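Trainee: Dumping the structure here so I can ask a few things about it.
The values are calculated or read from the model by the stated rules, or taken from the named source; none is laboratory data. Note that the structure is a prediction, hence the values are computed from the model and not measured. Positions of Cβ are generated from backbone atoms using ideal geometry, with glycine treated the same way; all protein chains shown enter the neighbour counts.
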Amino acid sequence: MPHMPKLEGPAYKAYLLLRRQVMLEAARINNMSPRQAWGINIPGPESVTYENLLPGPDASLKLVDLTPEHLGITQNSTTEYGYKFSLSAGENTSEVNKTIDNGRVVGIYGIQVLEKQMGTASGPATAALVQIDVNIGGREARVWPVQNVYDSPNNELYFLDPIYIPEAKTLTIDLWAATAADVRMAFLGIYAEPKE
């Protein structure tokens with residue numbers, strides 16, 4: 001079960017609508033009714049709440065927090081949690097490149113930068129990551145300016161236009177950097193999959 005993000009206002013509503021979309025799409029691609037898939041009736045978009053989108057005990061599918069492995073990024077002891085990217089200045093293409101597994105749906109609603117380059121004697125810390133481009137099936141689906149993530153609480157940024165990616169679609173993510181830097185970050189999201 002994914003944790004409840006610390007959202008409010010329009011970002012919270014965007015998250016709830018994403019959660020609803022992921023649940024409906026996961027039911028569809030697994031050839032189930034929403035009731036069979038989640039053990040609940042999925043409410044209309046105008047009346048969604050976190051509580052009425054909690055799967056029932058007899059659900060056939062489950063929602064979990066998005067992990068690096070869901071996006072095809074292998075974790076090891078040198079990367080710890082999150083995605084460590086060694087970026088050059090400008091566009092870094094296909095930093096994430098993953099065809100979503102059958103029966104699964106990925107939803108991305110934000111990012112968290114887990115560390116920031118340290119300042120030097122000549123200036124403050126650098127906000128290296130400035131933009132994220134999300135492509136689905138080779139077509140640009142979202143462009144998220146993210147430079148202000150460095151000034152936000154907990155270095156987290158939530159998108160008002162989150163996105164979901166269903167099974168068999170290829171997701172590629174390009175990262176734009178203002179300067180060459182190692183950036184450790186995590187994509188905040190949810191992942192729908194069949195129960196084992």
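Trainee: Of the conditions (1) assigned to a loop (DSSP other than H, G, I, E, B); (2) buried (at least 17 other Cβ atoms within 10 Å of the Cβ), residue 27 fails just one. Which one is it?
Mentor: (1)
Trainee: Can you work out which of the residues in segment 142-193 that are exposed (fewer than 15 other Cβ atoms within 10 Å of the Cβ) and assigned to a strand (DSSP E or B) is modelled with the lowest pLDDT?
Mentor: 182
This table checks each residue for (1) loosely packed, with under 15 Cβ neighbours inside 10 Å; (2) touching a residue at least 12 places away in the same chain (Cβ under 8 Å); (3) within 14 Å of residue 192 (Cβ to Cβ).
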residue: 9; (1), (2), (3): yes, no, no
residue: 19; (1), (2), (3): no, yes, yes
residue: 22; (1), (2), (3): no, yes, yes
residue: 32; (1), (2), (3): no, yes, yes
residue: 38; (1), (2), (3): no, yes, yes
residue: 45; (1), (2), (3): yes, yes, no
